[in-house]
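Enquirer: Quick one: the structure is below, questions incoming.
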Amino acid sequence: MTNSMQYIWITGAGSGIGEQLALLLADLGHTIIISGRDAGRLQAVAARNPDRIHALVFDVTDSFATSLATQQLQALVPWLDCVILNAGTCEYVDPPVLDMAMFERVMATNFFGMLNSFNAALPLLRVAPSRPHLAGVASMASYVGFPRAEAYGSSKAAAIYLLNSLRTDFGSWLDVTVINPGFVATPMTSANDFPMPFLISSEEAARTIAARLPRRPLTLAFPRRLHWTLRLAQLLPAVWYRRIVPGMARKQA
Ligand SMILES: NC(=O)c1ccc[n+]([C@@H]2O[C@H](COP(=O)([O-])OP(=O)(O)OC[C@H]3O[C@@H](n4cnc5c(N)ncnc54)[C@H](OP(=O)(O)O)[C@@H]3O)[C@@H](O)[C@H]2O)c1
């Protein structure tokens, strides 16, 4: 993303971080395609800047819809300068039950959905006149194990690996950024019944992404205080798993 007008596709932009990012980037003069499953919500977002925001209904878990999505994107824009793979879902495990169907749902959206969307975007990224940019929204939940996050955290760790690996194979012509948000107040986190340290608004999350993405960092993590706290936990696993996590698990119980 640069200051000149760009064609940008944001998945999962009918609500939350994606919605705020679409509105902000459209205000900056970019042409935005937003996608998701809920046509009504997408149209409501597009109606707030109809000249710059176009809605596309695309369920990222539907691999059969991938080539159709490519054609729909091609009908809207000549190429894509930037793709922000943001669509995601979160479901928590209810120990001791490990519900396989739930794991499959979460992986279908957060991992395979990212891959489907990348495949849909690939033909339009390839024809971009200048070096295009792929950004994928993962999560700090992948840094260390969190209680009940076996499905969500694994899906985001897999998404990070996918993005980093895509960078190795497509990096000759494509920049890839991993976006790791901390806790953001969105419909996804509204049902969380545990403390969310350093919680920020979706507007602040969008402002942070829009400000830092043009530099095309390998990783864009925010808020920084939570990022460094969890990086420290990664370096001190015995403290995290033996002292801090048992207290968190007790509170959740
Ligand atoms: N909020 C946080 O604290 C937080 C922290 C770290 C990472 N994240 C990540 O940030 C991203 C955005 O989440 P959010 O917090 O903004 O939550 P959100 O408001 O629930 O947004 C998620 C979006 O993904 C779309 N989506 C879900 N399943 C989809 C599917 N199968 N196909 C197409 N679109 C789908 C939803 O739209 P439809 O229902 O219309 O399909 C929704 O607009 C997610 O990847 C999430 O994991 C969030």
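Enquirer: Mind checking which residues of the stretch 91-107 are surrounded by 12 or more Cβ atoms within 10 Å (Cβ to Cβ) and farther than 21 Å from Ser139 by Cα?
Expert: Pro95, Asp99, listed by residue number.
Enquirer: Is it fair to say Leu199 is within 14 Å of the ligand (Cβ to nearest atom) and more than 19 Å from Gly145 (Cβ to Cβ)?
Expert: When the stated conditions are applied, Leu199 passes them.
So that you can scan it fast, the table gives a plain yes or no per residue for (1) under 30 Å from Ser201 (Cβ atoms); (2) among the hydrophobic types (A, V, I, L, M, F, W, C):
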residue: Glu19; (1), (2): yes, no
residue: Ala26; (1), (2): yes, yes
residue: Arg37; (1), (2): yes, no
residue: Leu80; (1), (2): yes, yes
residue: Leu98; (1), (2): no, yes
residue: Asn119; (1), (2): no, no
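Enquirer: Okay, next question. Please go through the stretch 113-146 and pick out each residue that is of a type in the set (A, V, I, L, M, F, W, C), out of contact with any Cys (no Cβ under 9 Å at 6 or more places or on another chain), within 15 Å of the ligand (Cβ to nearest atom) and in a helix (DSSP H, G or I).
Expert: Met114, Leu115, Phe118, Ala120, Ala121, Met140 - these are the residues of the stretch 113-146 that are of a type in the set (A, V, I, L, M, F, W, C), out of contact with any Cys (no Cβ under 9 Å at 6 or more places or on another chain), within 15 Å of the ligand (Cβ to nearest atom) and in a helix (DSSP H, G or I).
Enquirer: Mind checking which helices (runs of 4 or more DSSP H) fall wholly inside the stretch 160-253 and carry at least 3 residues that are surrounded by fewer than 16 Cβ atoms within 10 Å (Cβ to Cβ) and basic (Lys, Arg)?
Expert: Hits in the stretch 160-253: 224-235.
Enquirer: Follow-up question, since we're still on this one. Condition (residue is surrounded by fewer than 17 Cβ atoms within 10 Å (Cβ to Cβ), of a type in the set (D, E, K, R) and over 15 Å from the mean Cα position of the chain (by Cα)) applied to the stretch 67-87: is it met by at least one residue?
Expert: Within the stretch 67-87 (the criterion being surrounded by fewer than 17 Cβ atoms within 10 Å (Cβ to Cβ), of a type in the set (D, E, K, R) and over 15 Å from the mean Cα position of the chain (by Cα)), the answer is no, since none of the residues qualifies.
Enquirer: Would the stretch 65-83 turn up any residue that is farther than 24 Å from Val127 by Cβ and out of contact with any Lys or Arg (no Cβ under 6 Å at 6 or more places or on another chain)?
Expert: no
Enquirer: Let me ask something else about it. Collect the residues in the stretch 206-235 that are hydrophobic (A, V, I, L, M, F, W, C), touching a residue at least 24 places away in the same chain (Cβ under 8 Å) and farther than 23 Å from Arg167 by Cβ, keeping them in residue-number order.
Expert: Ala206, Leu226, Ala233
Enquirer: For the stretch 18-41, which positions are of a type in the set (Val, Ile, Thr) and surrounded by 22 or more Cβ atoms within 10 Å (Cβ to Cβ)?
Expert: Listed by number, the residues that qualify are Ile32, Ile33, Ile34.
Enquirer: If a residue has to be aliphatic (A, V, I, L, M), without any contact (Cβ under 8 Å) to a residue 12 or more places away in the chain and closer than 17 Å to Ala128 by Cα to count, how many in the stretch 59-105 make the cut?
Expert: Number satisfying all stated conditions: 1.
Enquirer: Go through the stretch 147-190 residue by residue and tally those that are among the polar types (S, T, N, Q) and either within 16 Å of the ligand (Cβ to nearest atom) or touching a Lys or Arg at 6+ places or on another chain (Cβ under 6 Å) (or both).
Expert: 7
Enquirer: Kindly evaluate Asn164 against the criterion of being under 19 Å from the mean Cα position of the chain (by Cα) and within 21 Å of Gly113 (Cβ to Cβ).
Expert: So Asn164 fits the description; yes.
Any read-out appearing in this document is the output of simple, stated calculations on the displayed coordinates, not a laboratory observation. Worth saying up front: this structure is predicted, and the values here are computed from it rather than measured. Methodologically, a virtual Cβ is constructed for each residue, glycine included, from the backbone with ideal geometry; neighbour enumeration extends over all protein chains shown.
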